[in-house]
Amino acid sequence: MVIEQELSIREKSIVFIGFMGVGKTTVAKLVAKKLYRDFIDIDQEIEKEFQMPITQIFDQLGEKKFREKERKYVLHYCKQPLKVISLGGGAFMQEEIREACLKHSIVFYLDISWESWKERLHMLVDSRPVLQNKSIQDIHSLFNERKTFYEEHNSRLLTDDYNPEEVADYIIDSLKLAWELYD
């Protein structure tokens with residue numbers, strides 16, 4: 001029998017969720033650096049294991065295989081202490097991942113308006129398998145569908161008017177306040 005010890009709020013890993021291209025990886029790297037924590041990008045971990053980019057994994061092995069691997073990595077890392085983890089945009093659609101992250105980590109939802117996100121589309125479409133061969137209406141539907149899953153979080157920040165450095169500083173300030181309040 002394995003007994004899971006509850007981590008203190010200071011020790012809990014920090015998980016970033018949000019739609020693809022919102023800046024989860026960029027912000028998570030900054031937060032990790034400023035808090036002297038290990039940074040984990042789930043998509044990069046999967047790419048390392050399969051030794052190919054996500055688009056190729058989707059093409060050759062299928063989304064199901066990718067999602068299984070994604071679940072394995074997230075369930076492992078979200079229970080570890082003192083990590084900063086960036087999830088792929090679709091990871092939080094899996095109930096098991098949502099429940100584990102909310103139970104074992106602090107979940108930050110980096111939100112973005114459709115208008116701001118659309119300005120980034122041209123930079124994302126080639127590297128994101130779920131965007132390929134989709135109309136703007138299909139992508140807008142996906143954007144709205146995923147937002148409902150992201151609503152389960154510990155904290156949310158609308159990133160439209162902030163650069164990654166400002167977002168990271170805001171998150172760190174809010175974490176430090178929470179640590180003081182709950183310590």
**region 140-183, residues that are among the hydrophobic types (A, V, I, L, M, F, W, C) and open to solvent by less than 70 Å² (accessible area, probe 1.4 Å)** = Leu142, Phe143, Phe149, Leu157, Val167, Ala168, Ile171, Ile172, Leu175, Ala178, Trp179
**Prompt:** Considering only region 49-68, how many residues are assigned to a helix (DSSP H, G or I) and open to solvent by 30 Å² or more (accessible area, probe 1.4 Å)?
**Reply:** 13
**Prompt:** Which residues, taken from region 134-164, are more than 17 Å from the chain's Cα centre (by Cα) and touching a residue at least 60 places away in the same chain (Cβ under 8 Å)?
**Reply:** none
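Listed here are the residues, each with its yes/no results for (1) of a type in the set (S, T, N, Q); (2) farther than 16 Å from Val31 by Cβ; (3) without any contact (Cβ under 8 Å) to a residue 60 or more places away in the chain.
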| position | (1), (2), (3) |
| --- | --- |
| Cys78 | no, no, no |
| Ile85 | no, no, no |
| Glu95 | no, yes, yes |
| Ser105 | yes, no, no |
| Ile112 | no, yes, no |
| Glu115 | no, yes, yes |
**Request:** Run Lys118 past the list (1) open to solvent by 20 Å² or more (accessible area, probe 1.4 Å); (2) in contact with a strand residue (DSSP E or B) (Cβ under 9 Å, 6 or more places away or on another chain); (3) within 29 Å of Glu166 (Cβ to Cβ) and report the number of the one that doesn't hold.
**Result:** (2)
**Request:** Could you list, in sequence order, all residues of region 101-115 that are open to solvent by less than 10 Å² (accessible area, probe 1.4 Å) and either in a helix (DSSP H, G or I) or among the hydroxyl-bearing types (Ser, Thr, Tyr) (or both)?
**Result:** Cys101, Ser105, Tyr109
**Message:** For region 78-98, which positions are among the hydrophobic types (A, V, I, L, M, F, W, C), buried (at least 24 other Cβ atoms within 10 Å of the Cβ) and not in a helix (DSSP H, G or I)?
**Reply:** Cys78, Val84, Ile85, Leu87
**Item:** Residues satisfying the stated conditions in region 142-182, i.e. of a type in the set (D, E, K, R) and not in a helix (DSSP H, G or I)
**Value:** Glu151, Glu152, Arg156, Asp160, Asp161
**Fill in**
Of Ser105, Ser174, Ser141, Ser155, the only residue that is touching a Lys or Arg at 6+ places or on another chain (Cβ under 6 Å) and farther than 13 Å from Gly21 by Cα is Ser105
**Request:** Take Arg71 and decide whether it is open to solvent by 30 Å² or more (accessible area, probe 1.4 Å), outside any strand (DSSP E or B), within 29 Å of Asn133 (Cα to Cα) and among the basic types (Lys, Arg).
**Result:** yes
**Request:** Among what's in region 19-48 and is modelled with pLDDT of 95 or more and not in a helix (DSSP H, G or I), pick the residue that is surrounded by the most Cβ atoms within 10 Å (Cβ to Cβ).
**Result:** Ile40
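The values are calculated or read from the model by the stated rules, or taken from the named source; none is laboratory data. Note that the structure is predicted; figures quoted are calculated from it, not measured. Counting neighbours? That spans all protein chains shown, and the Cβs are built from the backbone with ideal geometry, glycine included. Accessible surface is based on the protein model in full, side chains and every heavy atom, while ligands, DNA and RNA are left aside. Shrake-Rupley method; radii C 1.70, N 1.55, O 1.52, S 1.80 Å.
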